[in-house]
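The values are calculated or read from the model by the stated rules, or taken from the named source; none is laboratory data. On a predicted model such as this, the values are computed, not experimentally measured, just so you know. Here the Cβ positions follow ideal geometry from the backbone for every residue, glycine too, while neighbour counts run over all protein chains shown.
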């Protein structure tokens, strides 16, 4: 029996995800606070460069989370219980294989990744130390993507909260110990994150134990090929968006260590709002997937309406919070005066992102839940190309131009996805995803 999606139901599903997403953002803030107080602007810039590199590498395989959520929710909606288990197990196997490949190929991609940033020699050296420690967690991190996606797709949002709390609180504790107490610098941040990823994997496997008994058709070649074909578009979409964020970090790094460090602090503010507001996009993703699986257009409309109106309200709240409390936090956590001045001057741009980003985040969730990979791919590529062009056009304005272009990226992402929404709704009415 389908439960009618009300605002209360959205909030009941969303609050564990909100807390889980807040926990996801916490280590970034802790890393920034630790490096900002215990290190220099160079140390902080190194963590920015290295962390965005790993974000690029890992989230290139973000389809393990995204597609697992959408496909699992569709299987739940269609009452295909064996396939629900099989999706978890396929995701874990693919995550393990890809994580090991990242480790084996690390000497090949490390140098190329660092060389792609316009950073000083000191920043590059510290970034390399971070990466050398962080890479040991790769298999656990990617298997964790599959666990996250499956928990969300099956509506087990409280399990998702437990998983993220273990991952991110242990990460924050280890990073603070390795850097603040032992003085390991950027390498300590990377080591703490890698260890936390393995700890969380153990807990995550226990949380999804009901999905681990071998499912029929687990290694069916046709299903595996279909999985990779479906995920190819999501892979391109993710690479395009990660390229946009890497471009933003690189644009700041090209202006100097102070700009790179100040922008990194503001990016952590944005990460907090994006992670938390993504909770509503995740619920939209789950509900959209079940609506597609059940062929229920009314459920799709309710999912879009109920989750988006609550997301907009929360986005406004974050903008107000950053506007009122951002400056005291910046003064408290950044010891370097030049980096602190950059963060304070560009705080107003950061304030605008939570409310302007909601349409893009919500549409992402809706299209991911329906596994409309082609639309997501095309929209992300178009938005990223236009964003880079806008940044180059505004480059003469320094960091001001960097931030105007960055804000424009969120608007471009939403505008690029909107034309595909009528086709999605028609497909659900017709009983398919197109």
Qualifying position, being touching a helix residue (DSSP H, G or I) at 6+ places or on another chain (Cβ under 6 Å), in contact (Cβ under 8 Å) with a residue 12 or more places away in the chain and over 30 Å from residue 64 (Cβ atoms), among 349, 404: 349
Residue in the range 182-196 that is at pLDDT 90 or above and either under 20 Å from residue 19 (Cβ atoms) or more than 21 Å from the chain's Cα centre (by Cα) (or both) present: yes
Within the range 225-241, considering residues that are out of contact with any helix residue (DSSP H, G or I) (no Cβ under 6 Å at 6 or more places or on another chain) and modelled with pLDDT of 80 or more, the one surrounded by the most Cβ atoms within 10 Å (Cβ to Cβ): 239
Residue 279 closer than 23 Å to residue 77 by Cβ, in contact with a helix residue (DSSP H, G or I) (Cβ under 8 Å, 6 or more places away or on another chain) and either modelled with pLDDT under 85 or in a helix (DSSP H, G or I) (or both): yes
Test result for residue 177, free of Cβ contacts under 8 Å to residues at least 40 places away in the same chain and in contact with a helix residue (DSSP H, G or I) (Cβ under 8 Å, 6 or more places away or on another chain): yes
Entirely in the range 62-154, the helices (runs of 4 or more DSSP H) that have 3 or more residues that are over 21 Å from the mean Cα position of the chain (by Cα) and over 30 Å from residue 253 (Cβ atoms): 63-77, 81-104
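I'd like to verify a number: residues in the range 62-105 that are over 17 Å from residue 231 (Cβ atoms) and buried (at least 18 other Cβ atoms within 10 Å of the Cβ), how many?
4
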Failed condition for residue 388, given (1) without any contact (Cβ under 8 Å) to a residue 60 or more places away in the chain; (2) surrounded by fewer than 19 Cβ atoms within 10 Å (Cβ to Cβ): (1)
Considering residues of the range 158-181 that are crowded, with 23+ Cβ neighbours inside 10 Å and closer than 21 Å to residue 17 by Cα only, the residue modelled with the lowest pLDDT: 168
Residues of the range 23-44 classified as under 30 Å from residue 254 (Cα atoms) and either modelled with pLDDT of 80 or more or within 20 Å of the chain's Cα centre (by Cα) (or both), total: 9
Count - residues of the range 323-333 that are surrounded by 21 or more Cβ atoms within 10 Å (Cβ to Cβ) and more than 11 Å from residue 268 (Cβ to Cβ): 0
Residue satisfying condition, being in a helix (DSSP H, G or I), modelled with pLDDT of 85 or more and over 16 Å from residue 372 (Cα atoms), within set 244, 258, 222: 244
Residue identified as modelled with pLDDT of 95 or more and crowded, with 21+ Cβ neighbours inside 10 Å among 383, 370: 383
